[in-house]
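For reference, the structure discussed in these notes is given below.
Each reported figure results from applying straightforward, stated rules to the coordinates on display, with no laboratory input. Not measured: the values here are computed from a predicted model. Heads up, the Cβs are rebuilt from the backbone with ideal geometry, glycines too, and the neighbour counts pull from every protein chain shown.
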Amino acid sequence: MATTSPIWLPGETPVDMTTALGKAEIPSPVLTASGCSAFGRELEPFVDLTAIGAVVTKSVQLRPRSGRPTPRMAETPSGMLNSIGLQGPGIDGLLADELPWLAERGVRAFVSIAGTRARDFAELATRLRGAPGVLGLEVNISCPNVESRGEVFACDPVAASDVVSAVREAADPAQPVYAKLSPDVTDIVRVARSVVDAGADGLSMINTLLGLVIDPDTMRPVLGGVTGGLSGPAIRPVALRCVWQVHAALPQVPILGMGGIRRGLDALQFVLAGASAVSVGTAVFSDPSAVARVHDELAGALAARGFATLCDAVGYAHR
Amino acid sequence: MRGRSGHFGPSPSGQSGHNGRLLTEPAPVAARPPVQRVVEVVAARPVGAYVELTLAAPDVAERAEPGQFVAFAVGGPTSAMLLRRSIAIAGAANGAVTVVVAPHGPGSTWLAGLRPGDAVDVVGPLGRPFPLPAPGTPALLVGGGYGAAALVGLAARLRERGSRVVPVVGAASADRLCSVDDLGVLAGIVWITTDDGSEGRQGLVTVAVEEQLPDAGVVYACGPMPMLRAVADLATAAGVPSYVAVEEAMACGIGVCMTCVLPVVGSDGRTRFARSCTEGPVFGGDRVRFADVGRLRPDVVGADAMGVVAP
């Protein structure tokens, strides 16, 4: 694969890449992103899943969901718009099929949960208590492809904190709880502060931005769901800005950074802005081995800049 | 997906026959997992409106089975086009993989512009192959446009197993016909239709399909969705099992993005949004609910959680 990263020269000291999600230690700071790697299985031919930080699962809900009708996708400049609508097997399917598959192989799972009411989220957290291989929970309070788009929890600091406190209360104390935030807000620091006060152990930033594409031939929206979530390198500067602002305001809060990470130098920017781990999402669609490649490129980039550990680089751009 | 939508009306059988006993089983998964490789283009040959690319890809070629596809990264390492382009495998032999590219957007046009010596990142083989019938079963193969390329490897495999193979190939016009010579070598005779009459009979493939169907023990089809629907409906109405390879738009090709779903009846008789890449691209023709593509019906598993319930 072609790479723009500095080459990791033989003889250079290997960088200690270990990091943590809350209290849960992981050997690599590079994870999959929710909704971009299903439940991990499909990547097995391309990536050593046990070596990556964790598989962040597609968001699971209480019941199986069909998702939205097609078309669900539109390519955009350096990005894509999706309107999947959280298709998934529901918590029963996750516990019966997906999590055992990951656990048998020693793959760490960071389970993304979603719902329409705070008590749905709490019930999901309860069901996941002590589940083998579950490293922690990512609380998806920011999916733009839900029925009531005006009611995305992460757009309202009070609603967001209600969900997060319900989850933190119900969840296994050993499982860190990360709240996934939306960039589609006026003041992301305010939402971040609110969910941290409600007990979030960390923050995942960012979810997709709400977007629209119109087909000039049909003169109608391309997506069956009309609007969709924008992802890919096109949103990277927005994501980076969010990580920067929140780390500046809440430097002690761990951040799982994501949004358009395609290469090691992209991941490095998120680390320098304050992320202690990163998720690689849409890039997996174009390169199924992207998660492992970004890890290697990030390690090389850190070594080339004289960092002995990943943790030394977290927030380094704020000096 | 290239559409000639509107050319095919619903067949006399109406829906895809998902209410009765089904004639097909879901296609089984491929025997071997895919690989990702950067490979060299060894030949690029214009064929009518298309370009036939041959790639030195031994690891893909040795794993490939008829009906499977490959997914290309397009635009080079700094490309602003993030999504893979999935194309059916037209041939896999002697360490080489052949595909037929139909340039219609920026990504496929970039692919069609590749020259011998160029490198391209490819993932494959992907998807489920065509299930094979009992040896000797006479087979009707129906290709629309460049979709006919996906049937060449299948025709060879069927001939090896003693099947009589009857290919029907159709397109909008003569320059959009594909793989006619390759299929002719394997089958002896190829029935050709074009919408404008510029080659073969004027009309749709269904005209020839209706004539050949009485002698067929199984039908295979690859092409635009309206054609697949019409062919599957004809086969099902005649009590002949059919397998269709769909050309749904895919973002990843490997089963992680969930964009390429179709309403498909599973082995338990329930309809789910099934991924065309990993649960297809080959589906039982009577299992795809063509009339419901782009819709969410209340009987799809999980529709209730979307707020869609039967009235």
- line: Relative contact order in percent for the stretch B:257-311 (Cα pairs under 8 Å, 6+ apart) equals 32
- request: Just tell me, in residue order, which DSSP H segments of chain A are both 15 angstrom or longer along the helix axis (alpha-carbon based) and at least -1.0 in mean Kyte-Doolittle hydropathy.
  value: A:157-170, A:236-249, A:290-304
query: At 20 °C and 1.002 mPa s, what whole-number value in µm²/s does Stokes-Einstein give for the translational diffusion of the stretch A:182-274, with Rh from the Kirkwood sum over Cα pairs?
result: 149
Alpha carbon convex hull of the stretch A:72-126, volume per residue in cubic angstrom: 130
statement: Taking N as the number of residues in the stretch B:239-311, the ratio of its alpha carbon radius of gyration to 2.2 N^0.38 Å works out to 1.11
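Among DSSP beta bridges lying fully in the stretch A:19-318, give the percent that are antiparallel, nearest 5.
Looking only at bridges with both residues in the stretch A:19-318, the antiparallel portion is about 45 percent.
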message: Please rank A:Glu104, A:Glu138, fewest neighbouring Cβ atoms within 10 Å first, as an exposure proxy.
response: A:Glu104, A:Glu138
task: Take every DSSP beta bridge with both residues inside the protein assembly as shown and express the antiparallel ones as a percent of the total, to the nearest 5.
output: 55
- prompt: Rg and Dmax of chain B, Cα atoms, in Å?
  reply: 18.5, 60
field: Span per principal axis, largest first, for the Cα atoms of the stretch B:139-292 (Å)
entry: 39, 30, 29
message: Can you compute the equivalent ellipsoid semi-axes for the stretch A:81-216, i.e. the square root of 5 times each eigenvalue of the Cα gyration tensor, sorted largest first and rounded to whole Å?
response: 25, 19, 12
- prompt: Lys/Arg Cβ at +1, Asp/Glu Cβ at -1, dipole of the protein assembly as shown taken about the Cα centre: which of B:Leu23, B:Ala238, B:Pro311 is farthest positive-ward?
  reply: B:Pro311
field: Largest-first principal axis extents of the Cα set of the stretch B:35-126 (Å)
entry: 31, 28, 25
message: Let me check against my output: what whole-number percent is the relative contact order of the stretch A:58-101, with C-alpha pairs under 8 Å and at least 6 apart?
response: 48
- request: State the Cα centre-to-centre distance between the stretch A:151-184 and the stretch B:118-190 in whole Å.
  value: 53
field: Binned Cα-Cα distance frequencies in the stretch A:31-87 - 5 Å width, integer %
entry: 4, 16, 22, 20, 20, 15, 4, 0
- line: Here the Cα Rg-to-2.2 N^0.38 Å ratio for the stretch B:181-263 is 1.28
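If you rank B:Leu177, B:Leu22 by fewest surrounding Cβ atoms within 10 Å, what's the result?
Ascending Cβ contact count within 10 Å gives the list B:Leu22, B:Leu177.
From the P(r) of the stretch A:40-139, can you give the percent of Cα pairs sitting at distances over 20 Å?
44
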task: Can you grab the distance from the C-alpha centre of the stretch B:36-80 to the C-alpha centre of the stretch A:223-240, Å, no decimals?
output: 29
field: More than 27 Å apart - percent of Cα-Cα pairs taken over chain A
entry: 37
- prompt: Sorted from fewest to most neighbouring beta carbons within 10 Å, what does the list B:Leu183, B:Leu23 look like?
  reply: B:Leu23, B:Leu183
- request: Give the Debye-formula value of log10 I(q)/I(0) at each listed q (0.08, 0.12 Å⁻¹), with one equal scatterer per alpha carbon of the protein assembly as shown, two decimals each.
  value: -0.58, -1.19
task: Among A:Thr32, A:Gly260, A:Leu212, flag the residue with its Cα farthest along the positive direction of the charge dipole of the protein assembly as shown, charges on Cβ as +1 for Lys/Arg and -1 for Asp/Glu.
output: A:Leu212
message: No partner Cβ under 4.7 angstrom, meaning no disulfide-compatible partner by this rule: which Cys of chain B qualify?
response: B:Cys178, B:Cys222, B:Cys260, B:Cys277
field: chain B - percent relative contact order, Cα under 8 Å, separation 6 or more
entry: 21
Within a Gaussian network of chain B (alpha carbon springs, distance under 10 Å), most fluctuating of B:Ala230, B:Ala44, B:Ala155: B:Ala44
